[in-house]
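For reference, the structure discussed in these notes is given below.
The values are calculated or read from the model by the stated rules, or taken from the named source; none is laboratory data. Treat the numbers as computed from the prediction; the structure is a model and nothing was measured. Quick reminder, even Gly has a Cβ in these numbers, built from the backbone with ideal geometry, and neighbours come from all protein chains shown. Heads up: the accessible areas ignore ligands, DNA and RNA and are worked out on the full protein's heavy atoms, side chains in. Shrake-Rupley method; radii C 1.70, N 1.55, O 1.52, S 1.80 Å.
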Amino acid sequence: MTFAAPRLGWSFRPVWGRNMCEIYSGTEAELFELQSRSVRIDGVVTSIRLEAVFWKVIEDIAKDASISVAEFLTRIHREVLLKRGDIGNFTSLLRVACTTYLNGGKRLTL
């Protein structure tokens, strides 16, 4: 049996007697709650707003590298500036960095 939501452009099949999206729709609200943090990047204080789960992953990345969150943010900021000359959307970059980390260091491709 397939369930469809044509106006939304998606459909799914129940998996193991459950809705496939249950694993996603059942996510605890605390994980996607937006949190703003004041951070210092290259000596400049700024505010970054990310979902709580991404802050947790960033903390894990920094811990694995034996550096602080501020140092991780500064390093990635500097490296992007050196490579591209422009940061663009830094919070989006951080989310993608988190997915790369969670994917064992392999970048996802489109």
Condition check for Ser47: without any contact (Cβ under 8 Å) to a residue 12 or more places away in the chain and touching a Ser or Thr at 6+ places or on another chain (Cβ under 7 Å): yes
Subset of the range 74-110 that is open to solvent by less than 60 Å² (accessible area, probe 1.4 Å) and β-branched (Val, Ile, Thr) - its residue that is nearest to the chain's Cα centre (by Cα): Thr99
Selection within the range 50-76 - small (Gly, Ala, Ser) and free of Cβ contacts under 8 Å to residues at least 12 places away in the same chain: Ala62, Ala65, Ser66, Ser68
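Select, from Glu71, Glu30, the only residue that is open to solvent by 80 Å² or more (accessible area, probe 1.4 Å), of a type outside the set (S, T, N, Q) and outside any strand (DSSP E or B).
Numbers: Glu71 fails: open to solvent by 80 Å² or more (accessible area, probe 1.4 Å).
Every option except Glu30 fails the conditions.
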